[in-house]
Amino acid sequence: MTSVIYHSHSTTKGTANFKTIPFNNASIEFNSAKASTANFNSIQKLNEGDRIRIIGNNHRPFGGQIIKPGSKLKDGAYSYECVDYTRLFFGKSYTTWSGGTSDGIIKAILNSLNYSTAGIEKTKAVHGQLIWKNVVRWDIIQQLRWLDYKAGQLIECYVNADGILIYRPLPQTQEGYIFKSAYDYSQEYDASNIITGATVLTKEGDTISNVQNDNLVAVWGQIFDREEGC
């Protein structure tokens, strides 16, 4: 495997100046149902929140941020853990739809967050009344993906290295590869505790207050949880 790691001290997705850094022991865990993660060692000292891109010739580009300050190893290098931009969709939503296609529902959610809809392609199935209350947006997207699958349309869904949600139907037939052996490796990291704000609600769903930490927002973006009021 040939990979290159790019680093930027910028903490926001989008355009930035990236430079290559020396590294070893890099690994990526791509996950379609939750945030993907990456790990690597480097002699360069990096900061929590710094942006990382990993480009390789046998995997799609990984883009995300360092989630822990590097711990120093015996050989003088630092060990880093990263989480990809899927975490931008971990905030919770209250959403009601009387009917519509998945692409229309997802675009509406992205527009409410001021996120790009460039990666959303047209889907076929029209879903009936759907109600999500206090549900993580990424879970809403995965539930729509399942409904589209049940309706006969297989969907490719992930967040790319630029933080753009890709949600597009796959063709009925595809060329592929058969592997006779594989290495068994698994790793996971729960990044759902990165919360930059909260919405306090009454039992009737009325908003009492919105609170956010501007310092965290500057690093991690708008990621909201919500709490039920009395």
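Observations on the structure shown:
- Across His59, His7, the residue with the most accessible area heads the list, and the full order at a 1.4 Å probe is His59, His7.
- Phi-derived couplings, Karplus 6.51 cos²θ - 1.76 cosθ + 1.60 at θ = phi - 60°, listed residue by residue for segment 108-119: 5, 5, 5, 4, 5, 9, 6, 9, 5, 10, 5, x Hz, with x used for Gly and Pro.
- Cβ-placed point charges (K, R +1; D, E -1), dipole of segment 1-84 about Cα centre in debye, nearest 20: 120
- Net charge over other residues, Cβ less than 9 angstrom from the Cβ of Ile66 (K, R count +1; D, E count -1): -1
- Rounded to the nearest whole Hz, the Karplus-based 3J(HN,Hα) values (6.51 cos²θ - 1.76 cosθ + 1.60, θ = phi - 60°) of segment 120-135 follow the sequence 9, 10, 5, 10, 9, 5, 9, 8, x, 4, 10, 10, 10, 10, 6, 10, with x at glycine and proline.
- Two-decimal log10 I(q)/I(0) for segment 89-167, as the Debye equation yields it once each C-alpha is a single scatterer, q = 0.13 Å⁻¹: -0.35
- Ser27-Leu73 pseudo-label distance in nm [points 7 Å out on the Cα-to-Cβ vector]: 1.2
- In this structure, the pairs whose alpha-carbon distance is over 25 Å, taken from Lys34/Lys150; Lys45/Lys92; Lys34/Lys72; Lys19/Lys107, are Lys45/Lys92; Lys34/Lys72; Lys19/Lys107.
- Cβ-based charge dipole, segment 1-84, positive-most Cα from Gly56, Ile43, Thr20: Thr20
- Restricting segment 1-70 to trypsin sites (Lys or Arg not before Pro) in coil, as DSSP defines it, with at most 14 other Cβ within 10 Å: Lys45
- Largest accessible area first, the residues Tyr158, Tyr6 order themselves as Tyr6, Tyr158 under a 1.4 Å probe with ligands, DNA and RNA left out.
- Here's how it looks for Leu130: its modeled amide H is under 5 Å from those of Trp97, Ser98, Gly99, which are all 5 or more places away or on a different chain.
- Each residue of segment 37-48 was assigned a 3J(HN,Hα) from its phi angle through the Karplus curve 6.51 cos²θ - 1.76 cosθ + 1.60 (θ = phi - 60°); the sequence is 10, 9, 9, 7, 10, 8, 7, 8, 7, 10, 10, 4 Hz, with glycine and proline shown as x.
- For segment 1-155, the Cβ-based charge dipole about the Cα centre amounts to some 140 debye (Lys, Arg positive; Asp, Glu negative; other atoms uncharged).
The values are calculated or read from the model by the stated rules, or taken from the named source; none is laboratory data. Just so we're clear, the structure is a prediction, and the values are computed from it rather than from any experiment. Here Cβ is always computed from backbone atoms with ideal geometry, including for glycine, and neighbour counts include all displayed protein chains. Protein only, heavy atoms only, side chains kept; ligands, DNA and RNA dropped before computing areas. Shrake-Rupley method; radii C 1.70, N 1.55, O 1.52, S 1.80 Å.
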